[in-house]
Each structure stands twice: as C-alpha cells, then as structure tokens.
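Structure first, then comments.
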Amino acid sequence: MEELRYGHIASIYDEFADQKSRNQMDLLDKWFPGLIIQEMSSDGNTKKEAKYIDQEYLIHAVKYHGHFYSGGSTRISQITGRLIGTAKRNQEKERKTAELIQKHLAAVFVSNMDLTPSLKENVQRYLDSFDEDTLNEFGQTLLDLIFQLTDDRYALDELDRLSEPFAFDDEVFDGIIYNAAYQLELSTFDGLANAYLWLLTGSLLRNETGRVLRMYDSSFIAIYRQPSEDGTLKDKLNAMFHPEEYYYTYDGDDLDNRFPGIEWYCDKCGAHLNEQEGFDDHLDEWKCTKCGYVNHIGMDNIYENEEDAKNDVHHTDEAKFKGALKYRKKQLKKE
C-alpha cells in the first residue's frame, strides 16, 4: 500500500538518478536545505552529537565530510524517523515532537514568502540533471503514484484513515494531491518541479500543509459541474486527465445571462463583477466600478480556477458549454 510519506517521495529522485539512499539528516537537508537542520560547528575531525531544541523545534546536526550526522542520538533518530516515515514503532513522544516541528515549519512557510520559490529552484537544480526522456518518465512516475496514493487511501474506510499513527485529514490530503496533479497536467518543466515540491512538502508537513494550502491552493473552484463528477478526489483527477469522458451540465434557471453559472472577477483588483451595479455579461467588456480596469467578457476569459487563469490554461469547451445550456432550456420547457 502506497503512503504519502517523505522518505518514499524523496527516494523517487534517487532511484532515477541512480543514487544511494541518503541517511535521515541528509535526506531532509537535500530538499529542504537548512530548514529543519541547523549546522553545528565542527572542527572537521570530530562528529559531535546532534541536539534537539524544544523551544526552537529544530534539529541541530554536525556536518562531517559533507554529510550530516545525528551523532548516534536515539532520540533524534526517532524524531526524524517520524518526520520522514521511516520509524517502525509508533512512539507517542517522538510523534508529538515531530508534529511540533511540522507546526514550526508550516509557520515558516507562511511567514517567509521567499521560501517556496527558493525551494522550487532547489528542486529544479536537481531535475536539470535529467534529459528530456528521463523527465517525462519521472513525471509519469509521479502521476502513477498520485493515482495509486488516491486509490490506496480511499480503499480504507474513514475510521481506518483517522486511526493511522500519523493520520491525514481528507481535505488536506486531497489538496496536496490535486495541486500536484494540476502542476503535472501543465506538462512543463516548471510544473514538474512544482508537482514534486507539492508532494515533498505535503509528505513532510502532513496535516500542517493545510496552512500552506490556504496560501497557494486554487483547486476545487469549478465553474461547471459534470454528471459523473461525484466530488471525490479520484473523479476530479479523472476529469483533469481524461476530459473527453465528461460533459457539462447546468442545473440552474439563470438562462437570461450569456454565461449562466459563471462568476466574473476583475483581472486587476479581484472585485466580484457580478455584484456590481449594471453588470451584464452580454457586454464584451466591463469597466470595474472599484478600480476602473476594463475586463473582457467572453468564452476565452473563462477559467476553471485561479491557477488556470494565472497559467492561461483553458479547459472550457465552448460546444459542450452551449450544449449544456441548450439541454437545460429543453428541460425547463418540459417542466
């Protein structure tokens, strides 16, 4: 059974790069350099014992010959084992300590807006060593893993999911997976790096990723419903990667508008245009009454979510969209 654990996600790169598995300290420092481990002073000849500082929720380790060492501390080994998913036993004290570290790290993500871009650049540096074929294979491996993680998780009933030693909230898990999948679907190098970083971050911070999701997440802001979409993560992934299997539906009665069910927002200030006095989506343009920006109103300006708008990715099929409205009009006439 696949689990979203940091040790497993981080090892995927090493397998493609044909590198040996790193020790716990190096594995953490590789993808999150300096974030968890603070380097202690070293004379270059002596491995000093690592320390865990409760007040700082940080592990201080010594770097010796280019590698981080825990100095043989069982306590630190158990804490990092809980963090990256290599611990064999569920020791409550170490689990709670790992959760404190995760809370601290999530707070760092929220307070330091330069952190995520720098971590993505770090991921890109490693992926730069792959040729195009390897990058494609790496991306396909991540996509296969995403579907397998989803299948395995929801094969469990809710009680089993909640009773896991390091349980995920469904909403947080879904957000991590969906955002990683969305980035992969962009089919760009930048998207691949973002997807891997989402999986790395989510697997390390686990439930605390919810705080990060609220900053970056733009998933699940659908502008249309599809008949086979049941709201589950698996169905949303299928809708993303196999759109040909879906068609649009519209259940409302607002057929006087040109684009029923669509919410319009100012491209400059984000104001909700539908609520502005005099707004009419039959117009080709609308000047925002809040900031004065002229917004274009048309099919080419409809996006499924904010992330699509940022990347100028259009998933809306005009023929299917109009077909759904035509079918709804027929239904209303019968009623």
key: FRET efficiency, I53 to T74 (Cβ-Cβ, R0 22 Å, nearest 0.05)   = 0.80
ask   = Mind checking the angle between helix 189-205 and the chain's longest principal axis? C-alpha axes, 0 to 90 degrees, to the nearest 10.
value = 60
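Kindly state, as a whole number, the per residue volume in cubic angstrom of the convex hull around the alpha carbon atoms of the range 226-270. Kindly include the intermediate steps, with their values, before the conclusion.
Details: hull volume 5.8 nm³, N = 45.
Spelled out: Cα convex hull of the range 226-270, divided by residues, is 130 Å³.
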message = Using the basic label-point model (7 angstrom from Cα toward the beta carbon), what is the E263 to H67 distance in nanometres?
response = 5.3
ask   = How much solvent-accessible surface does R22 expose, in Å² to the nearest 10, with a 1.4 Å probe and all protein chains in place?
value = 90
remark   = By accessible area (1.4 Å), largest first, R153, R258 order as R258, R153
key: Residues in the range 169-189 reached by a label modelled at A309 [backbone nitrogen below 18 Å; 7 Å Cα→Cβ]   = none
request  = Work from the charge dipole of the chain (Cβ charges, +1 for Lys and Arg, -1 for Asp and Glu, about the Cα centre) and give the residue of C269, A98, F16 farthest towards its positive end.
outcome  = A98
message = If DNA, RNA and ligands are ignored and the probe is 1.4 Å, what is the ranking of H314, H104 by accessible area, most exposed first?
response = H314, H104
query = What fraction of the Cα pairs in the chain, stated in percent, has a spacing above 28 angstrom?
reply = 52
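Taking all protein chains in place and a 1.4 Å probe, what share, in percent, of the accessible surface of the chain do carbon and sulfur account for?
Numbers: 8000 of 17750 Å².
The C+S portion of the solvent-accessible surface of the chain is 45 percent.
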remark   = In nanometres, the difference between 0.36 nm per residue of separation and the alpha-carbon distance of K329 and T141 is 63.3 nm
ask   = Non-local amide H neighbours of N295 (under 5 Å, H modeled in plane, Pro and chain starts lacking H): which ones?
value = W286, K287, C288
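Can you order the peptides 11-21, 167-177 by their average number of other Cβ atoms within 10 Å per residue, highest first? Could the numbers behind the result be given before it?
Values: 11-21: 13.0, 167-177: 19.4.
Ranked by mean Cβ neighbours within 10 Å, highest first: 167-177, 11-21.
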task = Using a 1.4 angstrom probe, figure out how much accessible area the chain has per residue, in square angstrom, rounded to the nearest whole.
result = 53
request  = Before anything else, pin down the relative contact order of the range 120-207: Cα pairs under 8 Å, at least 6 apart, normalised by residue count, whole percent.
outcome  = 35
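In whole percent, what relative contact order does the chain give with Cα contacts below 8 Å and a gap of six or more residues?
Values: 392 pairs, mean separation 43.7, N = 335.
Value for the chain: 13 percent.
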note = Mean-square fluctuation maximum in Gaussian network of the chain, Cα pairs under 10 Å, restricted to G252, G139, G323, hits G252
key: With DNA, RNA and ligands ignored, accessible area of R5 (1.4 Å probe; Å², nearest 10)   = 30
remark   = Using the Kirkwood radius over Cα pairs of the range 239-335, the Stokes-Einstein translational diffusion coefficient at 37 °C and 0.692 mPa s, in µm²/s and rounded to a whole number, is 221
message = As an exercise, use a Förster radius of 35 Å and the Cβ-Cβ distance of H272 and E318 to find the FRET efficiency, rounded to the nearest 0.05.
response = 0.90
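Quick one: pull the percentage of alpha-carbon pairs in the range 37-171 with a separation above 25 Å. Kindly include the intermediate steps, with their values, before the conclusion.
Details: 4409 of 9045 pairs.
Value for the range 37-171: 49 percent of Cα pairs lie more than 25 Å apart.
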Nearest 10 degrees, 0 to 90: helix 6-16 Cα axis against the chain principal axis = 90
ask   = How far is helix 92-111 tilted, in degrees, relative to the longest principal axis of the Cα atoms in the chain, given as a value from 0 to 90 rounded to the nearest 10?
value = 50
Check: the chain dipole with +1 on Lys, Arg Cβ and -1 on Asp, Glu Cβ, in debye = 1240
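The values are calculated or read from the model by the stated rules, or taken from the named source; none is laboratory data. None of these values were measured; they are calculated from a predicted model. Glycine also receives a Cβ, built like all others from the backbone with ideal geometry; neighbour counts cover every protein chain displayed. We work out accessible area using only protein heavy atoms, side chains counted, and drop any ligands, DNA or RNA first. Shrake-Rupley method; radii C 1.70, N 1.55, O 1.52, S 1.80 Å.
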